[in-house]
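A short worksheet on the structure shown next.
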Amino acid sequence: MTSLQSTLGDEPGIAEELAQSQREISIAEFFEKNKHMLGFDSGARGLVTAVKEAVDNALDATEEAGILPDIYVEITEVGDYYRLIIEDNGPGITKEQVPKVFGKLLYGSRFHKREQSRGQQGIGISAAVLYSQLTSGKPAKITSRPKGSQDAEYVELIIDTDTNEPEIKVARETSWDRPHGTRIELEMEANMRARGQLRDYIKHTAVVNPHARLELREPGLETPMKFERATDQLPAETTEIRPHPHGVELGTLIKMLEATESYSISGFLQEEFTRVGAKTSDKILDAFRDRHFGRELSWTTPATHTADIEGAVTEAVSNKGADATEAFASEIASVLSNRERTSHFELVEIVDRVAETVEKDTGRTFGDTVRENAVEAAWDELTAYSEEATNGEEPARDHLTPNIYTLVDSATSTRKDDAAIQGFSDRLARRLAADGGRQFRFTHKSLTKIIADVAAATKEYDEVKFGETAQENIFEAVWKTTRTVPDDVPKVRSVAGDRDTASQLVDAMRETDILSPPTDCLSPISAELVEAGLRKEYNADFYSAATRDAEVHGGDPFIIEAGIAYGGDLKAEGSVDLLRFANRVPLVYQRGACASTDVVKRIGWRNYGLDQPGGSGMPNGPAVIMIHVASTNVPFTSESKDALANIPAIEDEIELAIREAARELKSYLNKRRSMEKRREKQDVLGRILPEMADKVAEVTGRERPNIEGAMARIMNNVSVDREVDGETVTLSVENYSGRSETPEITDILSAEPTDLNGDATVVDMDGEWFLQWSPTVGSGDEVSITYTVAEGTDFEMNVDGIDGEKLTVNA
Amino acid sequence: MSSESQSQTQTPEEKAREQLIDLAAEFYDQFAGGDIPEMKLPTRTKSNIEYNPNSGVWVYGDRTSTRSANSVRGARKLLKAVYTIEFLANQLEEDRSSTLRELYYLSESWDNNEAHFSDQDESNQLVEDLEIVSKVTREDFHMRPEESGATLMGPLKIKEQTRRGEREIHCQEDVGEGGYQIPNNPDTIEFLDHDTDFVMCVETGGMRDRLIENGFDEQYNCLVVHLKGQPARATRRITKRLHDELDLPVMVFCDGDPWSYRIYGSVAYGSIKSAHLSEYLATPQARYVGIQPEDIVEYDLPTDPLADSDVNALESELSDPRFQTDYWEEQIELQLEIGKKAEQQALAARGLDFVTDTYLPERLDAMGVI
C-alpha cells in the first residue's frame, strides 16, 4: 500500500486520468451486471422469476381491488426464445402508469408502506422486462384495460438502461375480451430446465391462495394445469400502519425527521409512529434527555454543624431586609434539611418556590439574580469539596467524599477492607467533581467510564481489585441517586441536523417499553384456509394447520402459520416436502439456506410419529409441511427473496406453529396405528380362532362350537345380532368394549313391523319400513328390542356411529 | 404323577390321552360359553419357586401366567397347543413315541401354517406347559429328548423293559467301559440286586473316565453316574429312584464354579424350568462333594480367575432360594472373596491318582460316607 501511494504521488496526472473513466451508473445498468441478486442468474431461473414477479403483482392488484383473482400463465417456444404471457383480471393500469410500472426500476406503491403485500421494492416486474429485453432484444408488450373502460391500451416498451426511463415503442388502443385486467407478454432467452420449480411455484401459490383461480400452460404440459378456487372469500384487507418505534433505524429516522411537519420531538413521535401517545412520548423523551443531557447526581443535605446553609444564603442575599432575608434563608435551609437528596435542578426549583412564598408574605421581590446567588450559595454548601480533605488532620469542607463513601460501601461486599473503599471513594469523588460540571451531569456511558477508570487507579495505587461485578454494583448505587433533568429537548430540526443527537433519540426509542404494533396490517391465511389449500392440492389422509398469534420483530409484526398433510397419494419414500411461503408467495429456491428449513430439521419428528433418520434433519415419510410467514417486512437473506433469514424471534414462532400442527398429526398417527394393530389382530384372530375351534371339535369329537361371543369379546367389539323366531325378531347389541357405545341402527324391512317393544321408531318409505334404533349400551352390557313381522320378510341392517373395526354385525 | 396311577383299569397311555383330551374339552367349553379360551400356568421364573417342606424340594409358587387367545401371540400359542394335543393323543393311541426335535419338525407337516413352531425352544416349552396343565409327564406322552446318553457304572443289577423284550443287565459286569446307558424313561427299569454303598454323580466325562480307569467303583462299591453337564431328566429320575428305593446316599462331584453349583442344585432341589416335576426328579438328600471353594484354598489347586459372568452368576445364586443355606452362602462368599474357580481335572496337578487315592477318600470320610 505504501509503495503504491509513493508511485501515485510520483505521477500527478493520475487522479484526473481516473476521473475521466468515472461516471454515474444507472440502476438499470447496475441490474444488468447483477442479475443474480434479483433471481435472474440463469435462463432456467429467469423464467421462473419472471412468472413469479408477474403472478405476485397480479395477485396483489386483484386483491387490492377486491376482485377474486383469475390468472392465466402461458409459456410457448418461439424460435430460439420463450414467450411468456401472464394475464390477470385485476383493476387494470391507466395509460399513464403503464410505462412507469413496467418500464422503470424501483417504481412502486408499496415500498414506503407498512402493510403485508407480496411485492415490495417495485423491482420485480420491471426487472423481468429488462431481462427479456437484454436477452431477446424484444420489447415488452402490455395490454391493460382499466375497470369501466371501453377499450384496452396496448403498449410496447423497453427500458433505457442509461436513464432508467421507459421508452415507448408502440402505443395504441385495442379491444380485449376481458372486461378489466392486465396482460404482459415477454420474450426471453430461457430454458425449461426449472420446469419442476415452475410447476411447484404455481401449485404452491394455489395452496396459499385458495381464493385464486390459476392456469398454467407450458410446452411440457399436454393439458393445462388448472387450479380452481377453494373459497370465494378474499383475504382480509390489510391496513397500512405507521412504523413502530422499535423498528426504526438511524438513517430512516433522520429522513423522517427531515420530512416531518412537526416542530417538537414529542409531536413528531406521536404523529409518525404507531403506538405512541402522550404518555409513551414522555417516556421516550425522558430516556432521550438522559442520553442527550445526562442525569444529575443528587446529594444528601449535610448536618448543620458541618454546613451552614442558612448563613450562606443569608450572606448571598443583600438589600432585602432582615426579616425577608431570614425567612428566605431559613425556609430554604429547612426544606433542604428535610430532603434526603437534592440535585442541582431540584435546588433551583426549591429556591424559586421559596422565593415566591416569601415574596407573597413580605412583599419583597426576589429577582433572578438574587435567586441565582442563593442557589449558588446553597449548592456550595451541599457540594463543598476540597481535595486536601483526604490528607489533612483537620478535615477541610468536603461533603462529596462521605456521600460517595456511603454509596460505595453499601454496594461492595464486606470482604473489601475499609481503606480500599475509602481510597476508591476519594478518587471517585474527585473525578465526579472534576468531570460533572457544577451540576454533576453524567450519562450512563460517562459514569460507567469514570467508575472503570477509578477502579483501574485503585488497582494501580492501592493494589485492590474492584472487579466487573463490583463496578456494576457501584454504578447501580450511584446511578440510583441521579435524576432526569427537566431541560427542554432539542427541536426536530436540530435533531435532524445532528447525527449524534438523532442516534440518542433512536436509542431512547428502542429502550422504552412500547406496546406491540397492531396486527390489522397482516392478513394471515387462517388455519382453516391453510387446511383447505392443502386439501385442494394434495390428496392426503390427514390435514392439520395452526395459526399463531402475532409477534413483533424489530417493530414489524409477523404471524406464522403451519400446515401438515399426511398419507394418501403423497410419496412415501424420501424426505417430506417442505413448502415455504412469505406473504403468500411460495419460496422456490435456496431451501437449504432458509430459517424455516433449519427449524424443521431441529424438531424431533420421531416424537410426532414421523421417521427421522438419526433423530434430526428432514423427516421422512408421506407428508407435506407448510410454513407461512406473514409480515410487514419479511426478513430475507437476499434481495431475490428466496430464503428467510435466521431471526430467533421468528424461528421460535415457526417452531411453535409446526409443533402445534404436528401434535394433531401425532394423535392421528397414534390412532391410525392402534387401528392398524386392531385390524391386524382381527385378521389373525379371525383366521386362527375358527381353526382352533375346528381342531378342538375334532379332538374332542364334538360339534364345532359357536365362537361368536368369544370373538366379539376378544375384539373389544360391539356386536349387533338378529334372532328370528317365527314371526318374532329380536335385535340385540352387546358391548364388549371398554366404554359405552351408541350405535345408530337402521333396520330396513320389506314388511311392516308390529308389536314393537323397545325405544325405536319406524318410518314407512315407499313400501319399505325403516326401523331406527339408537341405544346407548354401557361397557359390558347388552340391550335388545323385539318386534313382530310376517315370515319371509327381507331384512337389511345398517349400523353407524361405531368404527368399522369395532363392529360385528350378525343380522 | 408316576406310572403307578390310581386307576386300576387304565394304562398310563390311556390316562395321559384322556388328560390331554380333557384339556381340549376345556377350550371347547370356553368357546361354547362365549369366553375367551385361555390356559393358566404357574409363572416359571426364579421368583416363583418356593420350598415345599413336606417333600424337601423346590416347587412352583402361587403366581400364574395366562396364555389367552385375547392376543395374537396367545392365540397362536393356543392353536399350537391344540395341534400338539391332537398329535400326542394320536401318538399315544398308536403306542408310538417321538423325540422333542421330531415334534418340532413334524409341525411343519400340519395343514395350518399358523400352528408351525418357529423354533425348538417353542415346542419344548409347549410340551412342558402341557405336562404342567395335564399333570402328565413328558415320558408318559411318549416324548423323549434327542439324546440322553448319560451312563451309570457300578455294582447294580437291573431289569429293563425294552421294546424288544426284557433285559437283565449288571451295570459292572455286563457293560463295557462306557457303562450302562440310562433309558429315556427310567421307570421302565426294575432294580434287582446291588452291592452299592453310595452313588457318585460326576459332572464331566473326563473325571468319570478317570474314576472308572482307577477302579474307584470297584474299590469303594460305588455307582458312578455321569451327569454330562446339566443332567437330563432321566438321569435325575434314576438318581432319585436309586436314593429312594435302594436307600443309597447320593454324592455330587462337579467343577468348582457357579455353573456346577447349579448342576448340583438341579439334582438336589429341582430346576426352575421343571419345578412342576421336582417331587418326581429331585433328590433333596444329595450332597455336594466338591470342588468346593474351600478345596481350592486347602489343596492349593490351579485356578482360573472368575470372569464377570461368573461373578454375576454367583451373586444371582446368593439370591436363589435353592442356595439359601449357611453352607452355600459361606462357600459362595468365599469364592467371591478369592475370585477364583477350579475344574475337577485341576486335581490332576497332584498326579492322576490323587483324586481317587486322596481327595475323594478324604472328602467322603469327612462327610461320613466311607
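Enumerate the calculated ³J(HN,Hα) couplings along the range B:32-44 in order (Karplus 6.51 cos²θ - 1.76 cosθ + 1.60, θ = phi - 60°), each rounded to whole Hz, writing x wherever the residue is Gly or Pro.
5, x, x, 9, 7, x, 8, 9, 9, 9, x, 5, 9
Compare the peptides B:68-81, A:506-519 by average per-residue count of other Cβ atoms within 10 angstrom and give them in order, highest first.
B:68-81, A:506-519
Among B:Cys171, B:Cys201, B:Cys254, which one shows the biggest mean-square fluctuation in a GNM of chain B, springs joining Cα atoms closer than 10 Å?
Among B:Cys171, B:Cys201, B:Cys254, the largest mean-square fluctuation in the Gaussian network model of chain B belongs to B:Cys171.
Collect residues whose amide H, placed 1.01 Å from N in the peptide plane, falls under 5 Å from the amide H of A:His553; neighbours closer than 5 in sequence don't count.
A:Phe558
With everything on Cα atoms, drop me the angle between helix B:233-246 and the longest principal axis of chain B, reported from 0 to 90° to the nearest 10.
Tilt relative to chain B: about 70 degrees.
For A:Ala384, list long-range residues whose amide hydrogen, built 1.01 Å from N in the peptide plane, is under 5 Å from its own amide hydrogen.
Answer set, sorted by chain and number: A:His399.
Of the residues B:Pro155, B:Pro42, B:Pro53, which exhibits the maximal mean-square fluctuation in a Gaussian network model of chain B defined by a 10 Å Cα contact cut-off?
It is B:Pro53.
Ignoring ligands, DNA and RNA, how do A:Glu381, B:Glu279 rank by accessible area with a 1.4 Å probe, largest first?
Numbers: A:Glu381 20, B:Glu279 105 Å².
From most exposed to least exposed: B:Glu279, A:Glu381.
Based on DSSP, what percent of beta bridges with both residues in chain B are antiparallel, to the nearest 5? List each step's numbers first, then the result.
Numbers: 27 of 41 bridges.
Within chain B, antiparallel bridges account for around 65 percent of the total.
Sort the following peptides by mean Cβ neighbour count (other Cβ atoms within 10 Å, averaged over residues), highest first: B:118-125, A:583-590.
Working: B:118-125: 14.6, A:583-590: 22.9.
So the peptides B:118-125, A:583-590, ranked by packing, come out A:583-590, B:118-125.
Find which of A:Ser575, B:Leu211, A:Thr304 sits farthest along the positive direction of the dipole of the protein assembly as shown, computed with +1 on the beta-carbon of Lys and Arg, -1 on that of Asp and Glu, about the Cα centre.
Value computed over the given set: A:Thr304.
Between B:Val57 and residues 5 or more places away or on another chain, which pairs have amide H atoms under 5 Å apart, with H built 1.01 Å from N, and which residues are they?
Residues meeting the amide H criterion: B:Asn52.
With unit charges on the beta carbon (Lys/Arg positive, Asp/Glu negative), name the residue among A:Ala65, A:Gln612, A:Gly555 whose Cα is farthest towards the positive pole of the charge dipole of chain A.
Of the candidates, A:Gln612 comes out farthest on the positive side.
When only Cα pairs under 8 Å and 6 or more residues apart are kept, what is the percent relative contact order across chain A? Mind showing how you got there, number by number?
Working: 1494 pairs, mean separation 79.3, N = 811.
Over chain A, the number comes to 10 percent.
Residue-wise, which Karplus ³J(HN,Hα) couplings in Hz belong to the range B:363-370, taking 6.51 cos²θ - 1.76 cosθ + 1.60, θ = phi - 60°, and x for glycine or proline?
5, 5, 5, 4, 8, x, 8, 10
Counting only other chains, what is the mean number of Cβ atoms within 10 angstrom of the Cβ of each residue in peptide B:62-69?
On the way: counts 0, 0, 0, 0, 0, 0, 1, 9.
Average neighbour count from other chains, rounded to a whole number: 1.
Any idea how far the Cα center of the range A:279-357 sits from the one of the range B:21-74, in Å?
The distance from the Cα centre of the range A:279-357 to that of the range B:21-74 comes to 98 Å.
Using a 1.4 angstrom probe on the protein heavy atoms only, could you order B:His194, B:His276 from most to least accessible area? Mind dumping the intermediate values first?
Numbers: B:His194 70, B:His276 40 Å².
Of B:His194, B:His276, the descending order of accessible area is B:His194, B:His276.
What value, in deg cm²/dmol to 500, does the helix sum -39500 (n - 2.57) over DSSP H runs of n ≥ 4 give at 222 nm once divided by the residues of chain B?
Numbers: 13 runs with 145 residues, N = 370.
My calculation for chain B gives -12000 deg cm²/dmol from helical runs alone.
Determine, for each peptide in A:752-764, B:333-345, the mean count of other beta carbons within 10 angstrom over its residues, then list the peptides with the highest first.
Working: A:752-764: 13.2, B:333-345: 17.5.
Ranked from most to least packed, the peptides come out as B:333-345, A:752-764.
How crowded by other chains is B:109-122, given as the mean number of beta carbons from other chains within 10 Å of each beta carbon?
1
Relative contact order for the range A:707-810: what is it in percent, counting Cα pairs under 8 Å that are at least 6 residues apart? It would help to have the intermediate numbers written out before the result.
On the way: 233 pairs, mean separation 37.5, N = 104.
Reported relative contact order: 36 percent.
State which entries of A:Lys536/A:Lys601; A:Lys147/A:Lys203; A:Lys536/A:Lys641; A:Lys100/A:Lys169; A:Lys571/A:Lys677; B:Lys15/B:Lys273 exceed 19 angstrom in Cα-Cα distance in the structure shown. If you can, show how the numbers build up before the last one.
Working: A:Lys536/A:Lys601 26 Å; A:Lys147/A:Lys203 28 Å; A:Lys536/A:Lys641 26 Å; A:Lys100/A:Lys169 14 Å; A:Lys571/A:Lys677 23 Å; B:Lys15/B:Lys273 24 Å.
From the list (A:Lys536/A:Lys601; A:Lys147/A:Lys203; A:Lys536/A:Lys641; A:Lys100/A:Lys169; A:Lys571/A:Lys677; B:Lys15/B:Lys273), the Cα-Cα distance tops 19 Å for A:Lys536/A:Lys601; A:Lys147/A:Lys203; A:Lys536/A:Lys641; A:Lys571/A:Lys677; B:Lys15/B:Lys273.
Can you give the calculated 222 nm mean residue ellipticity of chain A, where each DSSP H run of n ≥ 4 adds -39,500 (n - 2.57) and the sum is split over every residue, rounded to the nearest 500 deg cm²/dmol? Mind showing how you got there, number by number?
Working: 24 runs with 331 residues, N = 811.
When only DSSP H runs of four or more count, the value is -13000 deg cm²/dmol.
Per-residue HN-Hα couplings for the range B:97-104, Karplus 6.51 cos²θ - 1.76 cosθ + 1.60 at θ = phi - 60°, whole Hz, x for Gly and Pro?
Once θ is set to phi - 60°, the couplings for the range B:97-104 become 9, 8, 8, 4, 5, 4, 4, 4 Hz.
Can you give me the % of accessible surface on the protein assembly as shown that is carbon or sulfur? Probe 1.4 Å, all protein chains present, nothing else counted.
Accessible surface attributable to carbon and sulfur in the protein assembly as shown totals 44 percent.
Dipole size in debye (nearest 20) for the protein assembly as shown around its Cα centre, Lys and Arg Cβ +1, Asp and Glu Cβ -1?
Values: 128 positive and 215 negative charges, 687 e Å.
Using only the charged Cβ atoms, the result is roughly 3300 debye.
Which whole number gives the average count of other chain Cβ atoms within 10 Å of the Cβ atoms across peptide A:702-711?
On the way: counts 5, 2, 3, 9, 4, 7, 2, 6, 10, 4.
The mean count of partner-chain Cβ atoms within 10 Å per residue comes to 5.
For B:Arg144, what accessible area in Å² do you get when you roll a 1.4 Å probe over the heavy atoms of the protein chains, rounding to the nearest 10?
The accessible area comes out at roughly 80 Å².
The values are calculated or read from the model by the stated rules, or taken from the named source; none is laboratory data. Quantities reported herein were computed from a predicted structural model and do not represent experimental measurements. Every residue, glycine among them, receives a Cβ derived from its backbone with ideal geometry; neighbour counts consider all protein chains shown. Ligands, DNA and RNA are excluded from the accessible area calculation, which covers all protein heavy atoms including side chains. Shrake-Rupley method; radii C 1.70, N 1.55, O 1.52, S 1.80 Å.
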